[in-house]
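What follows is one structure encoded as structure tokens, with my remarks underneath.
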Amino acid sequence: MGTGEIKLEASWKAALAEEFGKEYFKNLSDFVRGEYTHGVVYPPPKNIFRAFDLCPFDKVKVVILGQDPYHGPGQANGLCFAVGEGVALPPSLQNIYKELAAETGAPFEALAKKGDLERWAKQGVLLLNATLTVSAKSPGSHQKKGWEEFTDAAIKALSEQKEHLVFILWGNYARQKGAHIDRAKHCVIESPHPSPFSAYSGFFGSKPFSKTNAYLKKTGQKPIDWL
């Protein structure tokens, strides 16, 4: 994962160019390469930067922040909260869809068949985990190795270089990570996390999807088709 071989979408590669020469990134690259060589790591290597690849820097309209990739077989696919097609929906994604169903009137059963959120990403929703890799069955195993610094740089570049973005911050971790977003020129939507531990303490009923589209329309942008 050295600079020359990082397969990252061109506009993101330009926006984050400074990061690749930094010491932390070299250490991160060595660590990640070693982990993939010696054990089972998720997502598959080609999907590490999938969130960026499906949603170029120039096209970002909405940012949803997650923490860690899923650590079970077939789950992590490079987009936060999403899973591979045909994989059972994790509880957080079920709750995200329950909220979306409540907001839109769409049947939950129909939404629940779509585990991969690629359709959101292609419309300008950056589904960004703070940490982009994880060892199998070992949640949080790749935290504090440099990924957080890299994804902080992505958030900072978006906040500074763009305007009228919507940042959706679910839970305390995402809230802290989004603390430096410039709220004078972006919309920040915060609520508890959609996990079963906190969904009933304010995630349900928070209406992030309709709030996002209301802001996009108000700022002359095309709303997201979430369904």
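The values are calculated or read from the model by the stated rules, or taken from the named source; none is laboratory data. Owing to the predicted nature of the structure, the values given are computational and were not obtained by experimental measurement. Here the Cβ is made from the backbone with ideal geometry for all residues, glycine too, and neighbour counts use every protein chain on show. Please note that ligands, DNA and RNA were not included when accessible areas were found on the heavy atoms of the full protein model with its side chains. Shrake-Rupley method; radii C 1.70, N 1.55, O 1.52, S 1.80 Å.
Table for the structure above
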| quantity | calculated |
| --- | --- |
| Within segment 163-209, tally of residues that are among the acidic types (Asp, Glu) and farther than 23 Å from THR104 by Cβ | 2 |
| Residue that is least open to solvent (accessible area, probe 1.4 Å), among those in segment 106-121 that are among the small types (Gly, Ala, Ser) and in a helix (DSSP H, G or I) | ALA121 |
| Selected residue (criterion: least open to solvent (accessible area, probe 1.4 Å)) from residues of segment 188-208 that are of a type in the set (Phe, Trp, Tyr) and touching a residue at least 40 places away in the same chain (Cβ under 8 Å) | PHE203 |
| Counted residues, segment 156-176 - those being closer than 20 Å to CYS55 by Cα and open to solvent by 20 Å² or more (accessible area, probe 1.4 Å) | 6 |
| Pair list, Cβ under 6 Å, 6 or more apart: segment 24-42 residue crowded, with 17+ Cβ neighbours inside 10 Å, other residue among the aliphatic types (A, V, I, L, M) | SER29/MET1; VAL32/MET1; GLU35/VAL41; TYR42/ALA76; TYR42/VAL134 |
| Which numbered condition LYS211 fails, given (1) open to solvent by 40 Å² or more (accessible area, probe 1.4 Å); (2) farther than 30 Å from LEU28 by Cα; (3) in contact with a helix residue (DSSP H, G or I) (Cβ under 8 Å, 6 or more places away or on another chain); (4) without any contact (Cβ under 8 Å) to a residue 60 or more places away in the chain | (3) |
